[in-house]
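The values are calculated or read from the model by the stated rules, or taken from the named source; none is laboratory data. Keep in mind the model is a prediction, meaning the values are calculated, not measured. Glycine also receives a Cβ, built like all others from the backbone with ideal geometry; neighbour counts cover every protein chain displayed.
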Amino acid sequence: MKNLTLVSFNRNSSNLVFYKSLLNVILLFIIITITYRVFLVSVLYFLQLVLELLFEAFIVIYLLSRIMRRAIERDFKLNHIEIYLVILFFLPILPAIGAYQRFGQPIFYGLGTFRDFYLIFGSLVVYNMLRSGEITIQMVEKAFVSLTVFNMFFCYGLTFFTDPANFQDTAIAGANDLKGGEVYYRFNMSLFFFGSIYFVVKAFYEKNAKYLFWAGLFLIYIIFIRLDRTSMAGVFAGIGLFLATGIGTRSQFTSIFRLVLPLALVLVFAAIAVPEILDRYALMFNDAISTTTGSRNDYAEESVRLAEYNIAVEGIKDKPLIGNGKVSTQWVEGGYNAFYKFFYASDVGIFGQVYMYGFIGASILYGQFLFALFFAIKIRHIKRNIFLVTLKCFLFTHSLDSITNGYITIYAAQTIMAVVLIYYFYQEDRKLGAQLRMNRVVSKSAIELAPKSLLLS
């Protein structure tokens, strides 16, 4: 009877741990979904905005409670990532002042235009949960992968089973002569970057080719459906970074062959099945070359981009330090368009960011990539963790992608979350290093974080 009671207790305890872990993964799934703005450019646009409002209210309460708690405990010491997040918290003040000086927009409206920027503090919630032991890095990885796969099927489903023409000329869908003129969904590619890189890394580290199939699903959407040149270049650069730095020199040739051969077969099959796609690629990349060399092109979208670029450059010359800010549509109908006829800072990438933030603010914003690089380089023991390697390559992809688009502001949490998690890995690596130096037995949590394949790397 006693043994039965003990078995029953252990079983109930195991079930409790399992369900608690499951709830935490679901919570992480929700946090990442909201902060990554997964449904912003989709038919669930209004649901995304409602969730953001609720989450932003939660963040305000969360930050106030954390500040009060640390004040009571007289814990005023901040680590590197907390200091950087504090700086980012005050960053929108610069463009708000710039918009006041440039357009006469009240500071309150200027700050309000950066409301979605504060979703970055969802990463602080995740970071503090990791530090307190409420969740593990493995749970964060599961939540990321689950959301990434869900988002992929969601995008494929809408693409194949709904007509994007119903949403033409909205933020959800559009058409481009360079892409054949057909209407397509303007889904954000961030999680497609993550999925492509994650499953390539997993395939090589676990020596299991089935994960290349999953990577292929993400890459097929980027290459054949989204048809975005920057996204293609960015994701292949991220995968290339992994192949160049994440695997041994001896196996690089065979590894690259294993990756390139299946992809080449897919490309050949696609060229045979849909021959007109080759004409689209030729048109897209010829235009990119002509734009780079200064040759004339007659595509309306490229002409508009050039006009926006000129506006941004003139604005930078006028206010180079603190920028020109962002005009709120709540203050004046049309936002920037009320002054420039047609201008979206996000259309001209890094020039748009410098236009808004000035060189001071843009340096702080883009400094996140140097911040992550600095601490990633310092990681000595946890080198072959699949999630960590993916985050580094994923962030590299975004750093390249941010040169030509303004997603680093619109989807600020996508990169900041990766930066925060890399810093957490750095902290765990330091703990593991201290344990190894003192010849202690590695703790269970350290072993879970860094299995044998990592410790021996």
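Screening Asn439 with (1) at positive phi; (2) modelled with pLDDT of 90 or more gives one miss only, at (2). Would it be correct to say that Ile225 is surrounded by fewer than 18 Cβ atoms within 10 Å (Cβ to Cβ) and β-branched (Val, Ile, Thr)? Yes, satisfied. Beta carbons closer than 7 Å, at least 6 apart along the sequence or on distinct chains, never pair a first residue in the stretch 152-170 that is within 11 Å of Tyr185 (Cα to Cα) with a second that is loosely packed, with under 11 Cβ neighbours inside 10 Å and of a type in the set (Asp, Glu).
Of all residues in the stretch 367-409, which are without any contact (Cβ under 8 Å) to a residue 12 or more places away in the chain and either β-branched (Val, Ile, Thr) or assigned to a loop (DSSP other than H, G, I, E, B) (or both)? If the condition is that a residue be without any contact (Cβ under 8 Å) to a residue 12 or more places away in the chain and either β-branched (Val, Ile, Thr) or assigned to a loop (DSSP other than H, G, I, E, B) (or both), then Ile377 is the only one that fits. Being exposed (fewer than 15 other Cβ atoms within 10 Å of the Cβ), out of contact with any strand residue (DSSP E or B) (no Cβ under 9 Å at 6 or more places or on another chain) and either at pLDDT 95 or above or hydrophobic (A, V, I, L, M, F, W, C) (or both) is a condition met by no residue of the stretch 380-398. Scanning the stretch 315-343 for residues that are assigned to a loop (DSSP other than H, G, I, E, B) and of a type in the set (D, E, K, R) yields Lys319, Lys326, Glu333, Lys341.
Residues are listed down the side, and each one gets a yes or a no for (1) over 20 Å from Ala244 (Cα atoms); (2) crowded, with 20+ Cβ neighbours inside 10 Å; (3) modelled with pLDDT under 90:
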site: Leu321; (1), (2), (3): yes, no, no
site: Val332; (1), (2), (3): yes, no, no
site: Lys341; (1), (2), (3): yes, no, yes
site: Ser346; (1), (2), (3): yes, no, yes
site: Gly352; (1), (2), (3): yes, yes, no
site: Tyr355; (1), (2), (3): yes, yes, no
site: Gly361; (1), (2), (3): yes, yes, no
site: Lys378; (1), (2), (3): no, no, no
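Pull up the stretch 86-97, narrow it to residues that are surrounded by 15 or more Cβ atoms within 10 Å (Cβ to Cβ) and touching a residue at least 60 places away in the same chain (Cβ under 8 Å), then point me to the one that is farthest from the chain's Cα centre (by Cα). If we take residues in the stretch 86-97 being surrounded by 15 or more Cβ atoms within 10 Å (Cβ to Cβ) and touching a residue at least 60 places away in the same chain (Cβ under 8 Å), then Ile97 is farthest from the chain's Cα centre (by Cα).
To keep it simple, each residue is scored yes or no on (1) at pLDDT 85 or above; (2) under 27 Å from Val43 (Cβ atoms); (3) of a type in the set (D, E, K, R); (4) over 22 Å from the mean Cα position of the chain (by Cα).
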residue: Asp163; (1), (2), (3), (4): no, yes, yes, yes
residue: Ile172; (1), (2), (3), (4): no, yes, no, no
residue: Ala175; (1), (2), (3), (4): no, yes, no, yes
residue: Lys179; (1), (2), (3), (4): no, yes, yes, yes
residue: Arg186; (1), (2), (3), (4): no, yes, yes, no
residue: Gly195; (1), (2), (3), (4): yes, yes, no, no
residue: Tyr198; (1), (2), (3), (4): yes, yes, no, no
residue: Glu206; (1), (2), (3), (4): yes, no, yes, yes
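Has the stretch 63-73 got any residue that is farther than 22 Å from Ile410 by Cα, among the small types (Gly, Ala, Ser), assigned to a helix (DSSP H, G or I) and without any contact (Cβ under 8 Å) to a residue 40 or more places away in the chain? Yes: one or more hits. With respect to Thr409, is the statement that it is crowded, with 16+ Cβ neighbours inside 10 Å and at pLDDT below 90 true? Against the criterion (crowded, with 16+ Cβ neighbours inside 10 Å and at pLDDT below 90), Thr409 qualifies. Looking at the stretch 36-44, is at least one residue free of Cβ contacts under 8 Å to residues at least 12 places away in the same chain and surrounded by fewer than 13 Cβ atoms within 10 Å (Cβ to Cβ)? No - not one qualifying residue is present in the stretch 36-44. For the stretch 54-85, the set of residues classified as under 30 Å from Phe153 (Cβ atoms) and surrounded by 12 or more Cβ atoms within 10 Å (Cβ to Cβ) consists of Phe55, Glu56, Phe58, Ile59, listed by residue number. Counting only residues that are part of a helix (DSSP H, G or I) and either modelled with pLDDT of 95 or more or farther than 28 Å from Gly361 by Cα (or both), the stretch 41-50 holds 4 of them.
Note on the stretch 99-117: residues that are crowded, with 18+ Cβ neighbours inside 10 Å, more than 15 Å from the chain's Cα centre (by Cα) and under 26 Å from Ile81 (Cβ atoms) amount to 3.
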